[in-house]
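Q: One structure coming up, written as structure tokens, with questions to follow.
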Amino acid sequence: NVIIKNSVFQNNHSEDALNLVQVKGNLENITIQNTPSDGLDIDFGEVLISHSEFLNIGEATGADAIDMSQSNVKIDNVNISNVTDKGVSIGEGSIAKISNLFISSAFVGIVAKDSSDVSAQDIILEDIIFADTMSYRKKPQFNGANLRIENLNTTLGNHITQNMSTTSINGRRIKPKDVDIDVLYNNVMKSNK
């Protein structure tokens, strides 16, 4: 059991500024900033993140502000700005509930992948480079992902949904298509880690 409040993680040179593994925790009013790689990585956790901010995440491509696998995470009142890869990446069977999230200057806003289920509301995405949202399967041992967002405001309006995944944006279902994720990860989404 972990409670972290009113704390700043900055200028870390580790792979993740903060990595929580098999943790049941509450993160409130934390700031993670100026990281060379991912900001927060959660594995096998049950975590609430609230009233927090993630700034200047990643000095090169491949850095996510919040990355999770096989976890159950709630995110509320979070500000993410200047991320070299994904604002929030939900993978490997994770369940995420997100509300009052603001993401600006990221390569991708929100990603749901590999059997994950994501529900979100009251989301603002600004200055997103590649896609607002993506839903897909990356690892063959998993299925596609499900993503639902209500009250999304975005300046880009690009949502990528791979066959066998589902995405609903403001009550409108995004038509899935044949997306070669391996090609994307080897090219435009290639990590420099």
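The values are calculated or read from the model by the stated rules, or taken from the named source; none is laboratory data. Nothing here was measured: the structure is a model prediction, and the numbers come from that model. Cβ sites come from the backbone with ideal geometry, for glycine too, and all protein chains shown count toward neighbours. Ligands, DNA and RNA are stripped out before the accessible areas are found, and what is left, the full protein with its side chains, is counted by its heavy atoms. Shrake-Rupley method; radii C 1.70, N 1.55, O 1.52, S 1.80 Å.
Q: Once the principal axes of the Cα atoms of segment 59-193 are found, what is the range along each, listed largest first in whole angstroms?
A: 34, 33, 27
Q: Using just the Cα positions, wrap segment 1-137 in a convex hull and report its mean projected area in square nanometres, one decimal place. Please report the intermediate quantities before stating the final value.
A: Details: hull surface 26.7 nm².
Reported value for the Cα convex hull: 6.7 nm².
Q: Among the listed pairs 74/175; 138/175; 5/86, which are separated by more than 21 Å between their Cα atoms? Before the final figure, lay out each step's value.
A: Numbers: 74/175 27 Å; 138/175 19 Å; 5/86 24 Å.
Long pairs (Cα-Cα over 21 Å): 74/175; 5/86.
Q: Report in % the part of the accessible area of the chain that belongs to carbon and sulfur, leaving out ligands and nucleic acids; probe 1.4 Å. Write down the numbers at each step before the final one.
A: Values: 3890 of 8850 Å².
For the chain, the apolar C and S fraction of the accessible surface comes to 44 percent.
Q: For the chain, report the accessible area per residue in Å² (1.4 Å probe, heavy atoms, rounded to an integer). Working shown, then result.
A: On the way: 8850 Å² over 193 residues.
Value returned for the chain: 46 Å² of accessible area per residue.
Q: May I pose another question? Of the listed peptides 42-48, 100-106, what is their order by residue-averaged count of other C-beta atoms within 10 Å, with the highest listed first?
A: Working: 42-48: 19.3, 100-106: 21.1.
Peptide ranking by packing, descending: 100-106, 42-48.
Q: With no solvent and one equal point scatterer placed on each C-alpha of segment 125-164, evaluate the Debye formula and give log10 I(q)/I(0) for q = 0.34 Å⁻¹, two decimals.
A: Debye intensities relative to I(0), on a log10 scale: -1.18.
Q: Continuing with this model, one more query. Note down the accessible area of residue 154, probe 1.4 Å, to the nearest 10 Å².
A: In the full protein context, residue 154 sits at about 50 Å².
Q: Now a separate question. For every helix of n ≥ 4 consecutive DSSP H residues, a contribution of -39,500 (n - 2.57) applies; sum these over the chain, divide by its total residues, and give [θ] at 222 nm rounded to the nearest 500 deg cm²/dmol. Please list the in-between numbers first.
A: Values: 1 runs with 6 residues, N = 193.
Here the helix-only value at 222 nm equals -500 deg cm²/dmol.
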